[in-house]
1. What is the number of the single condition among (1) more than 20 Å from Arg16 (Cα to Cα); (2) under 23 Å from the mean Cα position of the chain (by Cα) that Val98 does not meet?
2. For a quick check of your reading of the model, give me the residue pairs whose first member lies in the range 73-95 and is touching a residue at least 24 places away in the same chain (Cβ under 8 Å), whose second is among the basic types (Lys, Arg), with beta-carbon atoms closer than 7 Å and at least 6 apart or on different chains.
3. Go through the residues of the range 323-332 one by one and say whether even a single one is within 17 Å of Val253 (Cα to Cα), within 18 Å of the chain's Cα centre (by Cα) and modelled with pLDDT of 95 or more.
4. Have a look at Ala180, Ala176 and point out the one that is over 22 Å from Arg260 (Cα atoms) and modelled with pLDDT under 95.
5. So which residues in the range 23-67 are at pLDDT 70 or above, surrounded by fewer than 14 Cβ atoms within 10 Å (Cβ to Cβ) and among the small types (Gly, Ala, Ser), if there are any at all?
6. Which of (1) in contact (Cβ under 8 Å) with a residue 24 or more places away in the chain; (2) surrounded by 15 or more Cβ atoms within 10 Å (Cβ to Cβ); (3) over 19 Å from the mean Cα position of the chain (by Cα) does Ser158 not meet, given it meets every other one?
7. Could you please give the count of residues in the range 169-228 that are of a type in the set (Gly, Ala, Ser), under 20 Å from Ala314 (Cβ atoms) and in a loop (DSSP other than H, G, I, E, B)?
8. From (1) closer than 28 Å to Arg164 by Cβ; (2) in contact with a strand residue (DSSP E or B) (Cβ under 7 Å, 6 or more places away or on another chain); (3) touching a residue at least 24 places away in the same chain (Cβ under 8 Å); (4) in a helix (DSSP H, G or I), pick out the condition that doesn't hold for Gln380.
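The values are calculated or read from the model by the stated rules, or taken from the named source; none is laboratory data. Bear in mind that the values here come from a model prediction, so they are computed numbers and not experimental data. Methodologically, a virtual Cβ is constructed for each residue, glycine included, from the backbone with ideal geometry; neighbour enumeration extends over all protein chains shown.
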Amino acid sequence: MRVLQVTGSSAGGVARHAREISALLAAGEQPPGALPSTTSTRVVLAGPAEVLAPLGHKGTRGAGRVRTAVVDIADRPRPQDLAAVARLRGLAAGADVVHAHGLRAGALAALAVRTLPDRPKLVVTLHNLPVGGARVQRVSAVLERVVAGGADVVLGVSGDLVARMRDRGAREVDRALVPAPVRPPAGVDAATVRRTLGLADGERLVLTVARLAPQKGLGTLLEAAARLAAPGPEGAARPGRHAAATAGWRWVVVGDGPLRAELDRRIRAEDLPVLLAGRRDDVPELLAVADVVASTATWEGQPIAVQEALRAGAAVVATDVGGTAEVTGDAAVLVPGGDAAAMAAAVRDVLADDDLRARLQDAARAQAARLPGPADVLAQLHAVYS
């Protein structure tokens, strides 16, 4: 089978998922229960050069068998899209399946394959809900209709995306499987990990792992931290670092992104008990020692950080947006998106109640065992492609 994977510019999980499934397919493994196959899967991954580059230095099994082709797919329409469509058309000729990731890549792939004499099957995975102003929504609606009309199968990473594409007229729609990569903790003791964050002995850790971008609801996070640090049950008074120290906790945000400078200015201006820790390589260790892992996102599909938190047995508090509840089940405290007061109250309750925290930790481990893994992804892809 010849498969062309297509992905556009991405600073988040879209390109990572495309790289991972490309390597998974190229490794030649068969889904559990499948009959042995004598045919191999030849995979080409097409996309911007910066998206393809990490494939070459990852130790993922099968990555070395993936061919790559540079196609300049940006995150918004531009004249060069005509060249991208022509390039994709050439790459798709002779392929059995074209699998595009993201709305822009999916629409360009649909235009590229529609007039091929021996048209390959087109699968499009949508990873994000379109967000933005009226112009963005209008353009996104057009692209969604192009995908719905041109794709044989549309996969959405959350139930709301699946329903949205059904409404757009897609012929076959299903929920995509996007598991978190397996990254076991390195076995560093909890005290050492906490010291790297500057936490005092006994100080509780509220942890958020997120790209510093608008979708992650970090304004809500800062307001929730302010409420949590303020004295009184309603958290109405203005906080400061002394309030956080008295309360015995600190909120640490791991990740980087375009909002870092803006967030840092607000943290300093309002004297908020929040530490922007930047990118770190010890996320599994941090998740394992956190007292609460919080997600304040405005929308998520199958949030990787939440999946990793469940796998680490963490007590999770998250906004009930997109597909988050589909990932957590009953193994998290869920609050409305954008509700800083509800987020602060939920984090406060989990920090204060050892029994509640222990129940959430047990539930997290049980839920993690039910989450899909690479074998499930492989089985879905083989079923969809055939």
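1. (1)
2. Close Cβ pairs (under 7 Å, with a partner that is among the basic types (Lys, Arg)) amount to Ile73/Arg104; Asp75/Arg104; Gly94/Arg2; Ala95/Arg2.
3. So the first thing to find is which residues in the range 323-332 are within 17 Å of Val253 (Cα to Cα), and the list is none.
Taking every residue of the range 323-332 in turn, none turns out to be within 17 Å of Val253 (Cα to Cα), within 18 Å of the chain's Cα centre (by Cα) and modelled with pLDDT of 95 or more.
4. Values: Ala176 fails: modelled with pLDDT under 95.
Result: Ala180 is the single residue among Ala180, Ala176 that is over 22 Å from Arg260 (Cα atoms) and modelled with pLDDT under 95.
5. Gly28, Ser40, Ala49, Ala53, Gly64
6. Just one mismatch for Ser158, condition (3).
7. Initially, the range 169-228 is screened for residues of a type in the set (Gly, Ala, Ser), giving 169-170, 176, 180, 186-187, 190-191, 198, 200, 202, 210, 213, 217, 219, 224-226.
Filter once more, so that each one left must be under 20 Å from Ala314 (Cβ atoms): 180, 186-187, 190-191, 202, 210, 217, 224-225.
Now restrict to residues that are in a loop (DSSP other than H, G, I, E, B): 180, 186-187, 202, 210, 217.
Of the residues in that region, 6 qualify.
8. (2)
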